[in-house]
Amino acid sequence: MGKNLTKRSDDYSKWYNELVVKADLAENSAVRGCMVIKPYGFAIWEKMQAELDRMFKESGHQNAYFPLFVPKSLFEAEEKNAEGFAKECAVVTHYRLKNDPDNPGKLKVDPEAKLEEELVVRPTSEAVIWNTYKNWIQSYRDLPIKVNQWANVVRWEMRTRLFLRTSEFLWQEGHTAHETKEEALQETELMNDIYAEFAENFMAIPVVKGSKTENERFAGALETYCIEALMQDGKALQAGTSHFLGQNFAKAFDVKFATKDGGLEHVWATSWGVSTRLIGALIMTHSDDKGLVLPPNLAPIQVVIVPIYKGEEQLEQISEVANELVKDLRAVGISVKYDDRDTQKPGWKFAQYELQGVPVRLAIGPKDLEKGTVELARRDTLTKEFINRDKVVEKIRSLMTEIQEDLFNKAKSFRDEHITEVDSFDEFKKVLKQKGGFISAHWDGTPETENKIKELTKATIRCIPFNRKDEAGECVLTGKPSEGRVLFAKAY
């Protein structure tokens, strides 16, 4: 259980990998670089999906589904996009296998079943979607189109880590078409704001909203907005991105619309997405050396009830109380599990649910029946107290809000303490080595300087914060004029 986890202070990476597996979230699959998301891990993703899907629909978006395969000619139509993803693509070249005459019982690729055109397994869906939009859009009356799809994508990775970077992963990708540049920019900002709201209100993760530099932009975008989060080891994690694509894809696929005054113009586009790496962010923001710590708003099980008993008679008495609590808690919208299995002892169950990050644990024993109490344990603080049975529902309802807020405030305090302003490159390197976190420093605005800093320190510009103050200064590396500070960090 949690006692067998490597400590974060000893080896953060090993701690993370062990926790994902031991908490029953995911495991490596038979396919190199891919993962099996186990039921408990997928339950967290389902909670994320449900909230995000609601937010998308409330902001006027609809779900659709597009093909997994993209003909190579479509994929290469937008050159920057194709070039940006080319090295990560999986490519289908044949459509059939056949028995291998030289190896009975084995199969081989049928050389006569070569595709006329190779198919790219989607690393992102702009190409196939914009080829489709060409058929959907003729007039300004057809705009805007606000479509999202929940899907899987493949980006071939050499170095993988469960949830954070796998060759296949789950995500959502929104693709919208607009009449004007202003509408598309508003959409890009709106979706970045929705991601930030989700991260902070549901994941309890504070984020910095900002724009990416030209080097870090999505391939084919004119602007990329992002939310950046800080993990406990001082590394940043890009938690979501929203891209203003301008008219690049409309021009590549010749998507035009008749304007209100009778003209013909290319449409304006956006795309935006978050993925299962959010589960990695959730783990690394809140969890501890004992296991997962989950915010109540995303916990598959918010409360678990464990009976402590000897003999069937005691179990029956405790179960009567526990089942009534289950009913009352569910009636107020709290997800609860009563674990009355006789195959594991209470101590084992306590350790298991602690490892899996269930926010609140209730224990009921014979003495609790006599006193009309239950023992309540909080996962985030590891504190315990006895509560009168008739106060349990009221107490837990308030605790759900309290735990959610406490986790956010704890993460925010850590994040704020790890944003460090520096004015020299020596300071920059010292903070990066000794403290980590976000480094707020002046940059001269050139890709060359950005690349040099990355080469020297492995730190990248995570974002140009939207809320940065106008402050002229000198670049931390070159001494050239700078318009303002940007946030650097080492990142996942």
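Dipole of the chain computed with +1 at Lys/Arg Cβ and -1 at Asp/Glu Cβ about the Cα centre; of Gly41, Gly210, Phe75, farthest Cα towards the positive end is Gly41. Annotation: amide H of Thr166 within the under-5 Å range of Arg161, sequence separation 5 or more or interchain, hydrogens built in the peptide plane.
Restricting attention to the range 242-373, close to 50% of DSSP beta bridges with both partner residues there are antiparallel. Under the classification rounded if a/c is under 1.5, otherwise prolate if a/b is larger than b/c and oblate if not, where does the range 23-101 fall, given a ≥ b ≥ c as square roots of the Cα gyration tensor eigenvalues? Judged from the Cα gyration tensor, the range 23-101 comes out oblate (a/c at least 1.5, b/c at or above a/b).
First check a/c for the range 320-403, with a ≥ b ≥ c the square roots of the eigenvalues of its C-alpha gyration tensor; if it is under 1.5, answer rounded, and if not, answer prolate when a/b is larger than b/c or oblate otherwise. Taking the square roots of the gyration eigenvalues as a ≥ b ≥ c, the range 320-403 is rounded. Per-residue Karplus couplings for the range 300-305, computed as 6.51 cos²θ - 1.76 cosθ + 1.60 with θ equal to phi - 60°, are listed in order as x, 10, 8, 9, 10, 10 Hz, Gly and Pro entered as x. Reported to the nearest whole Å, the Cα centre-to-centre distance from the range 1-50 to the range 297-325 is 27. Each residue of the range 180-187 is assigned a 3J(HN,Hα), and the resulting list reads 10, 4, 4, 5, 5, 5, 4, 4 Hz, derived from the Karplus form 6.51 cos²θ - 1.76 cosθ + 1.60 (θ = phi - 60°), x at Gly and Pro.
Computed over the chain, the per-residue total of -39500 (n - 2.57) for DSSP H runs of n ≥ 4 gives a 222 nm mean residue ellipticity of -11000 deg cm²/dmol, rounded to 500.
Any chance you could run the full-extension gain for Ser398 through Glu370? It's 0.36 nm times the residue separation minus the Cα-Cα distance, nm to one decimal. Don't skip to the end; give the middle numbers.
Working: separation 28, 0.36 × 28 = 10.08 nm, distance 2.57 nm.
Residue separation times 0.36 nm, minus the Cα-Cα distance, leaves 7.5 nm.
The H on the amide N of Leu143, modeled in the peptide plane, is under 5 Å from the matching H of no residue at least 5 residues off or on a different chain. Averaged over its residues, the chain has an accessible area of 48 Å² per residue, based on protein heavy atoms and a 1.4 Å probe.
The H on the amide N of Tyr338, modeled in the peptide plane, is under 5 Å from the matching H of Ile305, each at least 5 residues off or on a different chain. Sort out for me the Cα centre separation of the range 197-263 from the range 449-492, rounded to whole Å. What the calculation gives is 19 Å, centre to centre.
Put +1 on the Cβ of each Lys and Arg and -1 on the Cβ of each Asp and Glu in the chain; which of Val374, Thr132, Ile301 then has its Cα farthest toward the positive end of the dipole? In the chain, that residue is Val374. Whole-Hz Karplus values for the range 335-344 come out as 7, 9, 10, 9, 9, 9, 4, 9, 8, 9 Hz, taken residue by residue from phi with 6.51 cos²θ - 1.76 cosθ + 1.60 and θ = phi - 60°; glycine and proline positions read x.
Among DSSP beta bridges lying fully in the range 411-492, give the percent that are antiparallel, nearest 5. Mind dumping the intermediate values first?
Numbers: 9 of 12 bridges.
Counting DSSP beta bridges with both partners in the range 411-492, the antiparallel share is about 75 percent.
Here the chain carries DSSP beta bridges of which approximately 85% are antiparallel, counting only pairs with both residues inside.
Would you give the gap between the C-alpha center of the range 74-145 and the C-alpha center of the range 379-436, rounded to a whole Å? A separation of 45 Å, based on Cα centres.
Once you charge only the Cβ atoms, +1 for Lys and Arg and -1 for Asp and Glu, what is the size of the charge dipole of the chain about its Cα centre, to the nearest 20 debye?
Details: 69 positive and 78 negative charges, 240 e Å.
Using only the charged Cβ atoms, the result is roughly 1160 debye.
Ignoring any ligand, DNA or RNA, what whole percent of the accessible area of the chain comes from carbon and sulfur when the probe is 1.4 angstrom? Show your work: numbers first, answer last.
Working: 10990 of 23450 Å².
Carbon with sulfur: 47 percent of the solvent-accessible area.
A DSSP coil position with no more than 14 other Cβ atoms inside 10 Å describes the following trypsin sites (Lys or Arg not before Pro) in the range 147-224: Arg159.
What shape does the range 107-163 take by its C-alpha gyration tensor, where a ≥ b ≥ c are the square roots of the eigenvalues and a/c under 1.5 counts as rounded, a/b above b/c as prolate, and the rest as oblate? Write down the numbers at each step before the final one.
On the way: a/c = 4.06, a/b = 1.52, b/c = 2.67.
Oblate, because a/c is 1.5 or more while a/b does not exceed b/c.
Think of the range 1-126 as having a plus end and a minus end, set by charges on the Cβ of Lys, Arg, Asp and Glu; of Asn28, Phe56, Phe85, Asn28 sits farthest toward the positive end of this dipole.
The values are calculated or read from the model by the stated rules, or taken from the named source; none is laboratory data. Note that the structure is predicted; figures quoted are calculated from it, not measured. We place every Cβ from the backbone using ideal geometry, glycine too, and count neighbours over all the protein chains shown. For the accessible areas, the whole protein counts, side chains as well, though only heavy atoms, and no ligand, DNA or RNA atoms are used. Shrake-Rupley method; radii C 1.70, N 1.55, O 1.52, S 1.80 Å.
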